[in-house]
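Okay, so here's the structure we're looking at.
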Amino acid sequence: MSADTRTAPDRQSRTLQTARTLLASRETAIVIVIVVIIAVATAMNQSFLFSGQGWRDLLLTPSILMVMAVGSAVVIITRNVDLSVGSTLAITAYLTGRLFIDFPGIPILLVVFIGTLVGAVLGLINGALVAYGKVPALVVTLGTMYIYRGAVLTWAGSDRINASDMPRDFLHLGTMQILSIPLLTIVAVLVLVCAGYWLSSTRSGREMYAIGSEPEAAKLYGLPTTRRVITAFILGGALAGLAGVMYAARYGTISASAGMGWEFQAIGAAVIGGVAIFGGSGSVWGAAFGAILLLTINRTLPIIGIPDFWQRAVVGALIIGAIVLDRYLSARRHRQLQEARDQT
Amino acid sequence: MTRDESPPVLELVGVRKTFGSVTALADGSITVHPGSIHALVGENGAGKSTLIKVVAGLHRRDSGTFRFRGADAAFNSTAEAKNAGIAVIYQEPTLFPDLSVTENIFMGRQPRSRAGRIDKQAMHQEAARIFARLGVTLDLQRPAEGLSIADQQIIEIAKAISLDAHLLIMDEPTAALSGVEVERLFAVARSLRDEGRGIVFISHRFDEIFSLCDMITVMRDGAYVATTPTSETSNDELVTMMVGREVADLYPKDLAPIGEVVLEVKNLNSAGNFHDVDLSVRAGEIVGLAGLVGAGRSEIARAIFGVDSYDSGTVRLNGRTVPKGRPAAAIRAGMALVPEDRRQQGLVVEASLARNIGAAIRRRLSRFGLITAGIENKTAGPWAGRLQVKSSALSMSAATMSGGNQQKVAIAKWLATDPSLLIIDEPTRGIDVGTKAEVHRLLSRLAGEGMAILMISSELPEVLGMADRVLVVGEGRISADLDRADATPEKVMHAATARHEQSRQEASA
């Protein structure tokens, strides 16, 4: 038994421990980086933060990706991945437009509900193929990524839905602010808080981590692995569906190519945010902060005058850097724990 | 004991389980009464683990009677068995490395307050209470990753206690525990027995069985042999019941002339795995590497072959130093390693027999960089014949062959490289008795032809029957070097558990 173990640390040292964990956590590190980037951008251009438009864009731009990244994080935590969420977003975004055109006067809430539901069904297809078909998620969702995209391309063709096709009230939601906070940001934060609570404080949420951490052990523990994995995909799909509706409200213009490549941004955001690509660890908070970091950097680089190529390279470097950092930290921790064991 | 008053907790009669053509369990029978600790003994491969897995809901039995607490039972999943009140501590702990110690204990059964929220405080208190009962101090918040096997085992036991089970099954729980920890485990087991629970205890250590258990059931070759109260049997009687056949038939070892030193390992170290390993193997010699599961035998073999790197030390083959961490260099130098897990590491099971046999000599087979099926078949044919691989064609996929034939193919693949040293890890695991003898005859013949063989085996009779010399590994160190004539089961087991014994004596003093 290792020598440095203890059962009940007194209250004070526990508070200290909590504070130290919080300071050392990935989430905190990313928030600090985000703050630094905003500070630099604001120093270069005051209006980045201190203008109505700047403040709104700062909050509004990452909102949709945050919702998708939360879904992707849940799927990745179970040691799976969903590449089809970008295509799902395109389907529900186009569906949103079509619903307003084909059923004039349809209640907005009903459209939101239908969009989310369709996303959930597309997620269910992925989840069922992965859980029952025993096919790796990477392969299944690579396939459905093309199938879903193909479906929306066939459905929409070269047709484009414009802002004028959708009700003013709906479009207003996309830019509306409550106490200077955009509505879409509020939605994203609500999604984040609910998902964060679920993952950290309920049995089914914790089981997501367990399944991703060691699938064999999950089986021996008698956890409902199949059902949980399907749930993760349904949730990922539903959030991508919701993101599609948000996309329609935010941009007003929808074509079949909406959300192309967003699946990689969502996965990238989760990885940057400390969600281990092999499952079992990380949090949706990290993923959401990762999304904010990714898109804030994207907006900052042009301000500093960095050319387009480097903007993409920076995103790539961030992802690789995050993974290398994770590997390094976990190898170091493993080594330390092992050496401590040998000494006893 | 209350054996005659209440119905047994567990009753198995004639339970049968087969996997494809291999019969893992032919006649599993055991009756466990409440308030009793029941030992289940037998050699490796006797079917104990399969029997346990049937009870735990991991396997479904093919036929036979299975009653739990007086009612017929058939569990389709581990969750069902668990809910019925069966807790199993497996030989190798299976935990969630990313989750905390507390979460590992309660996963799937966390205490909840209103609205389904996990009551983390209640969970921690309960965990602290269980650990206090076990007399263990362990940081409940730390992740399970990096915990020693002993600590992981403690978590498994805590899990079983928190389940409040009617039946507790322990599959070699002491294999990796030190003396103090074993004593603590026994104290817990006795207090659970006194609460009227049934306990099944699997162990290879007779001293533990005689001090802890009140009943003993012996199994051999997948079948029930006998059940006897501990007080009415002896060590020797148990061994006779366990082995029950003439060892000589199964281990046809011819004495071969011993030649020059082929493999020489000096001072090999790898933090966390093994320390100060010195060993040598001569031409024509079979050296057995014995020890408990997890003692570091496979790790040593993998380091010698270069699959894993090591911290310090040297490996020399035929007098030349073999660079570390490079299997390709080891193969060129004349080494071959037939790994423990043939399905995962030894074979490409989807590929044909011929392709598997040719796999390690692809460079030699290729003509202008191309390999044709014809060349492969021409090379593989003689090997398949020589090793008596039973298959309809060389193009047959390895996946459809029996375990014994797969093992022969895995060996043939390496023999085709014409090695001077063959390292073979668990040569007969999961193989039926007939094929076992064939594999043993093959090893004996290879040694006779002057090959040096390093054989790792958890089956004591196999080591004693086949090896010219037995090296015992205990907790990552070579704890004994015994000649064939000196090697007895007692000496090997003693050396394998020497440090356990020592600390146990310290604990009781």
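The values are calculated or read from the model by the stated rules, or taken from the named source; none is laboratory data. Please read all numbers here as calculations on a predicted model, not as lab measurements. All Cβ positions, even for glycine, are placed from backbone atoms using ideal geometry, and neighbour counts span all protein chains on display.
For region B:131-155, a tally of residues being part of a helix (DSSP H, G or I), more than 27 Å from the chain's Cα centre (by Cα) and within 9 Å of another protein chain (Cβ to nearest Cβ) returns 2.
Applying the criterion of at least 2 residues that are in the same structural domain as B:Val473 (by TED's automatic domain parsing) to the strands (runs of 3 or more DSSP E) found wholly in region B:210-312 leaves B:261-270, B:274-282, B:286-291. Residues in region A:211-239 that are in contact (Cβ under 8 Å) with a residue 60 or more places away in the chain and at the interface with chain B (Cβ under 7 Å from one of its Cβ atoms) were compared, and the one that is nearest to B:Ile118 (Cα to Cα) is A:Ser213. Taking the criterion of being among the hydrophobic types (A, V, I, L, M, F, W, C) and within 25 Å of the chain's Cα centre (by Cα), the only residue of region B:102-115 that qualifies is B:Ile105. Out of A:Ser330, A:Ser283, one residue alone is at pLDDT 90 or above, within 14 Å of chain B (Cβ to nearest Cβ) and closer than 28 Å to A:Tyr197 by Cβ. It is A:Ser283. Within region A:57-100, the set of residues being hydroxyl-bearing (Ser, Thr, Tyr) and in a helix (DSSP H, G or I) comprises A:Ser63, A:Ser72, A:Ser87, A:Thr88, A:Thr92, A:Tyr94, A:Thr96.
Restricting attention to region A:221-267 and to residues that are touching a strand residue (DSSP E or B) at 6+ places or on another chain (Cβ under 8 Å) and in a helix (DSSP H, G or I), the residue that is farthest from A:Asp57 (Cα to Cα) turns out to be A:Ala248.
The set of residues in region B:65-76 being of a type outside the set (A, V, I, L, M, F, W, C) and surrounded by 17 or more Cβ atoms within 10 Å (Cβ to Cβ) consists of B:Arg69 alone. Summed over region A:126-152, residues that are within 23 Å of A:Arg98 (Cα to Cα) and crowded, with 16+ Cβ neighbours inside 10 Å total 6.
Scanning region B:455-478 for residues that are polar (S, T, N, Q) and either surrounded by 24 or more Cβ atoms within 10 Å (Cβ to Cβ) or at pLDDT 85 or above (or both) turns up just one, B:Ser457. Among the residues of region B:60-84, the ones that are within 14 Å of B:Leu12 (Cα to Cα) and in a loop (DSSP other than H, G, I, E, B) come to 8 in all.
Condition check ((1) charged (D, E, K, R); (2) modelled with pLDDT under 95) across all residues:
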{"site": "A:Leu60", "(1), (2)": "no, yes"}
{"site": "A:Arg79", "(1), (2)": "yes, yes"}
{"site": "A:Phe103", "(1), (2)": "no, yes"}
{"site": "A:Ile106", "(1), (2)": "no, yes"}
{"site": "A:Phe113", "(1), (2)": "no, no"}
{"site": "A:Ala120", "(1), (2)": "no, no"}
{"site": "A:Ala137", "(1), (2)": "no, yes"}
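Scanning region A:159-209 for residues that are part of a helix (DSSP H, G or I), within 14 Å of chain B (Cβ to nearest Cβ), of a type in the set (Ser, Thr, Tyr) and free of Cβ contacts under 8 Å to residues at least 24 places away in the same chain yields A:Tyr197, A:Ser201.
Looking at region A:272-281, can you tell me whether even one residue there is among the aliphatic types (A, V, I, L, M) and surrounded by fewer than 23 Cβ atoms within 10 Å (Cβ to Cβ)? Scanning region A:272-281 turns up at least one residue that is among the aliphatic types (A, V, I, L, M) and surrounded by fewer than 23 Cβ atoms within 10 Å (Cβ to Cβ). The single condition from (1) within 11 Å of chain A (Cβ to nearest Cβ); (2) more than 25 Å from the chain's Cα centre (by Cα) that B:Gly70 fails is (1).
Filtering region B:156-184 to residues that are within 11 Å of chain A (Cβ to nearest Cβ), of a type in the set (Asp, Glu) and within 20 Å of the chain's Cα centre (by Cα) leaves only B:Glu156. Could you run through region A:268-284 and say how many residues are part of a helix (DSSP H, G or I) and farther than 28 Å from A:Tyr148 by Cα? Qualifying residue count, region A:268-284: 0. The single residue among B:Gly284, B:Gly272, B:Gly196 that is on the phi > 0 side of the Ramachandran plot, surrounded by fewer than 20 Cβ atoms within 10 Å (Cβ to Cβ) and touching a Pro at 6+ places or on another chain (Cβ under 9 Å) turns out to be B:Gly196. Against the list (1) at pLDDT 85 or above; (2) within 12 Å of another protein chain (Cβ to nearest Cβ), the condition B:Gly35 fails is (2). Residues in region B:102-129 that are at the interface with chain A (Cβ under 10 Å from one of its Cβ atoms), of a type in the set (A, V, I, L, M, F, W, C) and outside any loop (DSSP other than H, G, I, E, B): B:Phe106, B:Ala115, B:Ile118, B:Ala127, B:Ala128.
For region B:14-59, a residue qualifies if it is in a loop (DSSP other than H, G, I, E, B) and free of Cβ contacts under 8 Å to residues at least 24 places away in the same chain, and exactly one does: B:Leu58.
Identify, please: which residue in region B:85-101 is modelled with pLDDT of 85 or more and either in a loop (DSSP other than H, G, I, E, B) or over 28 Å from the mean Cα position of the chain (by Cα) (or both) and is, among those, farthest from the other protein chains (Cβ to nearest Cβ)? Only one residue tops the list, namely B:Gly85. Of the listed requirements (1) charged (D, E, K, R); (2) in contact (Cβ under 8 Å) with a residue 60 or more places away in the chain; (3) closer than 25 Å to B:Val218 by Cβ, B:Lys82 misses just one: (3).
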